[in-house]
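Only one structure is covered here, and it is reproduced in the block below.
The values are calculated or read from the model by the stated rules, or taken from the named source; none is laboratory data. Note that the structure is predicted; figures quoted are calculated from it, not measured. Here the Cβ positions follow ideal geometry from the backbone for every residue, glycine too, while neighbour counts run over all protein chains shown.
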Amino acid sequence: MNEEFGEKIAGEIVLSSEPGKTLRKWRQVFGVSQKELAGEMGISHSVVSDYEGGRRRSPTISTVRRVVCALMAIDERRGSPTISKYQVRDEGRAIVSMREFPVGITAGEFADMVDGEVMWGEHVMDRRVYGYTLLDSLKVITSLTSFDYLQIYGWSQERALIFMGVEYGRSPMVAIRAHPLKPGMVVYYRPKNVDDLAVRLAEIENIPLVVTDMDVDRMVKVLSKI
């Protein structure tokens, strides 16, 4: 659970339009001073100040990882008051499986790997995705808050969101339409049918929409080889 919480914080910082301000927000949420954070990371206090003030280029993913690990290490030594308060609730595991790829692959290659049928977006299947998140569609709707929603994007929004438990495909695409973050592609696992509205929303958002019948365990195994 701590790892999931850390991923969520890191994702928010990386995807923020002002990562320095978001980094500062989380430092303050944890009640950690710039000096204390710098000491935990083994860097100069001025480096933390420069990141937060926007005087340095946006922190790299590796730097963000170090920041998050440092904040959580400090909090754990204090008895984990912040981690306990902000941990994502495990209400039946909305996220079934999640992985970042060491290299990007095209949406077309991803669709081929999961024996997918393209419902919309043949002309944009050359876009690259850098990971996937396998989701229980109903539990995403019923258990994830807008704050929790960030975690499904991991380290990159350029990923495939795979929805299980889909009947007609309207709800996932409506949710994607309403949220500012957009995935690289959407995959429906064994839907009863794909509603015309779902296809239309995929077209509006310019997001490839794919349907697969591949067994979930096999799909996760195949994708783990990337």
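Structure summary
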| read-out | value |
| --- | --- |
| Test: residue in region 205-219 that is touching a Ser or Thr at 6+ places or on another chain (Cβ under 9 Å) and within 30 Å of ILE9 (Cβ to Cβ) | yes |
| Flag if ARG66 is part of a loop (DSSP other than H, G, I, E, B) and either charged (D, E, K, R) or surrounded by fewer than 16 Cβ atoms within 10 Å (Cβ to Cβ) (or both) | no |
| Test for ILE61: is it within 23 Å of the chain's Cα centre (by Cα) and either crowded, with 16+ Cβ neighbours inside 10 Å or at pLDDT 95 or above (or both) | no |
